[in-house]
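Input: a single structure, listed below in structure tokens.
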Amino acid sequence: MLHYLAAIRQAPYFLYLRMSNGAQDNATTKRGKNASPAFLILFLSFCLSFSFLNMLWYVRLFSFPKEVIWLHLIVVAAAYGTLTLFGFFLSRFSLRRWAISLFAVCSYAVFLGFALLYLLNYFALSNWGQYITFRIVYIFASDVPALLEAVPYDFTPLFFLFVLFFLLSIWILYKVSSPVFASIATLGDRLIEVPQKLVIMIGVPIILLVGISGVHMWKQMGYIKAYFKFHGEPVYNFLKPITATFGKTKIDFEREARVKAVRQNFPRDIAFKQKNVILFIIDAMRDDRMGVYAYERETTPYLSSLRAEGKLQLVEEMSSGCATSFCGILSVLSASYIPNLACTNYKIQDVFKDLGYRSNFLLSGSHNEWYNLRRYHENYHKMDFYKDGSYSANYSLSDDRFLFDCLEEIPAFDGTPSFFYFHLLSAHSSGTKLPEFAKYQPSGKTSYMSPDSILYGNFYDNGVYQADQYLERLMQQLEEKKYLDDALVVFTADHGESLGRKGRFGHGADLYQGAIRIPLAFYDTQQPAEPDLQFGSQVDIAPTILAKLGLPIPETWDGVPLEPTDSIRYTYHRHGKYFAVIRKDGPEVMKLHYISDHNTFELYNLQHDPEESRNLVRSPKHLSDFEDLKEKFETVFEDR
Ligand SMILES: [Zn+2]
């Protein structure tokens, strides 16, 4: 909000300029020939500083490389340069009221365009770790309620602040554009008064220089584009979306070649338990808020009933590799840690497709516009069925009831084995929630100004309850279509949700336990549940599925099949500037945090301190733990 306040504070100053200019106008001519060029310079400096300050904040908050500041300022300067040029031609044409108004409207469009881009980017990056792009704006513009629902906060006060900013900036720009326009006109007049010879002497070399560098830039376009993309320039990324900000990205050609070879050599005519595989990813579902995981509230009666019948195998301590959907989903499907996530990974749907399975992706929410995920899902194979929320005809794009419609479209089981991936949004703050599932009251989104974890906690629990009820209905539909006759069903999540701890809500801001704890449960419809497992992370889900069917694990996968074991295990996590390594050694679970922009470490004993409130990094007793975890961290995240 600071930059809006700054804009508001500038108002009297501009008003003063306007008034002093008005006086001058009356005293001189109507053409405003004597309007000082200072107005234009002041206006441009204000606009450029506005963008500069925003970018400084952006780089600081989201750990972007500093180059993005000047990259963006080039774009901003080009935009205001074009605006000034437009003003110049307009002032040659007419100095009437309509010309000034047209100039004012154009200035406003440029200024507000940048302001909106910054605002939406802050929002998207801090709530979901994702840039704002044209496609996201386009899809949400047709579904504003879904956009408002996507935010974990009560939007009303922010909305009023936004309207206030909108009106104030209209007023300020309306007042300012007149003297600025006059100032451009004066500059234009002065330019025309300059002797022709001088214009040619200066102008021709400038045009030549611009022309030559233009041709040069045109030739280097590929490099320039890549540079803008790599550094996360917001205007470029608005038009040409790049994927989420889970860290530095570099293409590892050696690894790609290895993945290709592994895929080619994967045995396709192997004997194995050919079951249908049904994967449910419930967005933002936390294990400790589920009745089936011994939460004090029975939020998951359906899963608990499976458990009571001895059909559900649970993994006690599971965590996601990061805190956003993008890498959470991809970590599950490609069994790879964040530094190794790539489009070309050999993913579990590819394995099944190569084994002759049908693949069906039924996804609630905007997966493709939001994250470009379809490109990742279909890198090797087109899905036999793919629909995400953007296909929804009867419901909002974040309404899970869309999945019931999708499943209706899928023919009954005909003997061809099938892989299903369902994505549910009911537990996520953006998921459409029906009043009939609002068991816990008072429930609602929290206020941004005075966070209320009880209100938001109830709201969240209602979402978990709704997700469980929807799971039951989807399972009924699958059963009617005979897909459950011999199936392995997996329930998990892409990441957790912060519910007020350390004043945080939502996800995608850090790697504390709230944001990364997830459930994992297996249900084999043909046999009673195997004994529970103790510890793992998302990358272990796909290997465990393959192992349960008696299939080998692709060598390039980072995860391993989970099994009862006493040996020490480590899991690795990253979100932007946050890194974490968790170690399970017997009952003891230690977690090391690293925050790269402060270069600080935090060490927690999750067994005794699940809330992560006592940082043990300076405790001499834990020096060996610290050193061990730090070494692991340095090995896995060598590119940090
Ligand atoms: Zn998610």
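The values are calculated or read from the model by the stated rules, or taken from the named source; none is laboratory data. Bear in mind that the values here come from a model prediction, so they are computed numbers and not experimental data. Methodologically, a virtual Cβ is constructed for each residue, glycine included, from the backbone with ideal geometry; neighbour enumeration extends over all protein chains shown. SASA here: full protein model, heavy atoms, side chains in, ligands and nucleic acids out. Shrake-Rupley method; radii C 1.70, N 1.55, O 1.52, S 1.80 Å.
In region 423-460, which residues are within 17 Å of Ser396 (Cα to Cα) and crowded, with 19+ Cβ neighbours inside 10 Å? Answer for region 423-460, where residues must be within 17 Å of Ser396 (Cα to Cα) and crowded, with 19+ Cβ neighbours inside 10 Å: His423, Leu424, Leu425, Ser426, Ala427, His428, Ser429, Ser430, Gly431, Thr432, Lys433.
Report whether or not Ala342 is more than 14 Å from Val464 (Cα to Cα), among the aliphatic types (A, V, I, L, M) and open to solvent by 10 Å² or more (accessible area, probe 1.4 Å). Yes; evaluated as a whole, the condition is true for this residue. When you look at Ala150, is it touching a His at 6+ places or on another chain (Cβ under 9 Å), within 26 Å of Tyr395 (Cα to Cα), modelled with pLDDT under 80 and open to solvent by less than 20 Å² (accessible area, probe 1.4 Å), yes or no? Spelling it out, Ala150 is indeed touching a His at 6+ places or on another chain (Cβ under 9 Å), within 26 Å of Tyr395 (Cα to Cα), modelled with pLDDT under 80 and open to solvent by less than 20 Å² (accessible area, probe 1.4 Å). Inspect all residues belonging to region 372-384 and state whether any of them is of a type outside the set (Lys, Arg), closer than 21 Å to Asn276 by Cα and open to solvent by less than 30 Å² (accessible area, probe 1.4 Å). Taking every residue of region 372-384 in turn, at least one turns out to be of a type outside the set (Lys, Arg), closer than 21 Å to Asn276 by Cα and open to solvent by less than 30 Å² (accessible area, probe 1.4 Å). One residue stands out among those in region 364-381 that are modelled with pLDDT of 85 or more and part of a loop (DSSP other than H, G, I, E, B): the one that is nearest to the ligand (Cβ to nearest atom), which is Gly365.
Go through region 396-412 residue by residue and tally those that are of a type in the set (Ser, Thr, Tyr) and open to solvent by less than 10 Å² (accessible area, probe 1.4 Å). Summing the residues that are of a type in the set (Ser, Thr, Tyr) and open to solvent by less than 10 Å² (accessible area, probe 1.4 Å) in region 396-412 gives 1. Put simply, of Gly321, Gly291 the only residue that is within 23 Å of Tyr512 (Cβ to Cβ) and either open to solvent by 10 Å² or more (accessible area, probe 1.4 Å) or touching a strand residue (DSSP E or B) at 6+ places or on another chain (Cβ under 8 Å) (or both) is Gly321.
State yes or no: is Phe459 of a type in the set (A, V, I, L, M, F, W, C) and modelled with pLDDT of 95 or more? No; evaluated as a whole, the condition is false for this residue.
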